1. Using every alpha carbon pair in region 486-542, what percent of pairs falls into each 5 Å bin from 0 up to the bin containing the largest distance?
2. Beyond 25 Å, what share of the Cα-Cα pairs of region 120-257 is found? Please give it as a whole percent.
3. In Å and whole numbers, how far do the C-alpha atoms of region 529-586 stretch along each principal axis, longest first?
4. Sorted from largest down, give the three principal axis spans of the alpha carbons of region 233-292, whole angstrom values.
5. Sorting 265, 234 on the 10 Å Cβ count, fewest up front, what's the list?
6. Taking the Cα atoms only, what angle lies between the long axis of helix 231-241 and the longest principal axis of the chain, rounded to 10 degrees?
7. Which order results if 168, 434 are arranged by neighbouring Cβ count within 10 Å, fewest first?
8. With every atom except the alpha carbons ignored, what do you get for Rg and Dmax of region 78-173, in angstroms?
């Protein structure tokens, strides 16, 4: 089968379907998509509120609960322990399939009625204020996380301990303010790094100990801005920086960032890969158009698969653990096989389609909230024979009577749920981080918009009243309500956070957790790729800023390599192909 050009019915831009894509669609028995991969990604993201909780009321007990869903979302919400209990049965909401109506309208009505868990957590201990987490302990306001302990403020803080204000870190301990690091201890304000101990503002580094502001450096100790020092001189210079003060930390941050811009970036950030394209990919093989993927194999158009184990799948967003032969799934994992169009389904899902919030389900279609069931459609139980016959009729009906959304886009069998059916407003969903829209644009696209709820806190101090040095901050600050220096919202310093900051000699932050999150992900590339050529001109970068210290295979001539990278052409960073980049890593 040849490559085929099509036009996306959403953005109306051309996109191509490759022969291997057609082969995959045939293998899992779905028609080719009518949306391009970017619009498919955008649609799945619209169903993910990752880190913006609200106060709501449990429809079961009537108690006030911490929830991903605001009261005006229109869905039925139970507190997580209530949802997991055995005293209610999702089969009681079962409905006959109505062939006079489109399928997507029927599943949407069912999804509004069947209770869903308020926070989407699993197996957490002493973690009342977490969302989208699993198997974590003693944590506060983290999200999208597996196996964290004694952590607060962050997203994707996987298998880490005593970490605060981090994003996309794995197997780390006592780290602060970092992004996309792993196997590190006391790595503060660092990015794209691994196996580091006691470092500050280090970028693209590996195996460093007691280093500051180092870039593209490996297996070094007592270095500042890539220059070596004796142990005594290193400690003296670090003390002179006064990193324990807010003023000293900000000065050091500016200097470190300015220094990092003089060095090349790899066209793809990742290690231990074979045949991959995308960004932030590690330990993977044959992964293309991937983004934040760990331990994946034979994947395409996938994002946020940070828990290893996804393979032979396409168009997955978030989690991915043991997704095999899966397609167009969002926030689903922990054992998914031969299943497609899932939302928030996990733990042994087999041959399931168009279902949400299900656990341990097999051979089912269009179900919500079911657990330990088989052969169900719209939450109604059938025999194996009746199920298989009705499923085939519904698939044919979905094409004969497709759903049409507010903008006239059609959804037949083979498309994910319409974004207008998301319970989340556009500005509270993860989609805003990759596809930002104004309120007017979002409403015109058929999305909803969430106005902020009135604050429930009275500010007792402003950020400029916080002492400059961490040593001068009194314990009583944990009782204060502080006004964020950037967005003016209220935030607190919790006791565990203050103890951590004092132990690490890091000054108290002047901004709220949301603004700190936004600052971290501002350095993160988005999931889109652009065609570029290597900026290595032979003996230096093409802009003359960086001087190569190694002789590359192409000698003194410009590198002829071209590639797809997450850094757009207008980005002023120096981008090297992988061969040139690794030649320059000390």
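FYI, it's all coordinate maths here, none of it is from the lab. Predicted, not measured: the structure shown is a model, and the values here were computed from it. So basically every Cβ, Gly included, is an ideal-geometry build from the backbone, and we count neighbours across all protein chains shown.
1. 4, 13, 14, 14, 13, 9, 6, 9, 10, 6, 1
2. Values: 2736 of 9453 pairs.
Cα-Cα pairs in region 120-257 separated by more than 25 Å: 29 percent.
3. So the extents along the principal axes, rounded to whole Å, are 28, 22, 20.
4. 48, 20, 19
5. By the 10 Å Cβ count, ascending: 234, 265.
6. Rounded to the nearest ten degrees, it is 70.
7. Ordered from fewest to most neighbouring Cβ atoms within 10 Å, 168, 434 come out as 434, 168.
8. Both quantities, over Cα of region 78-173: 17.7, 57 Å.
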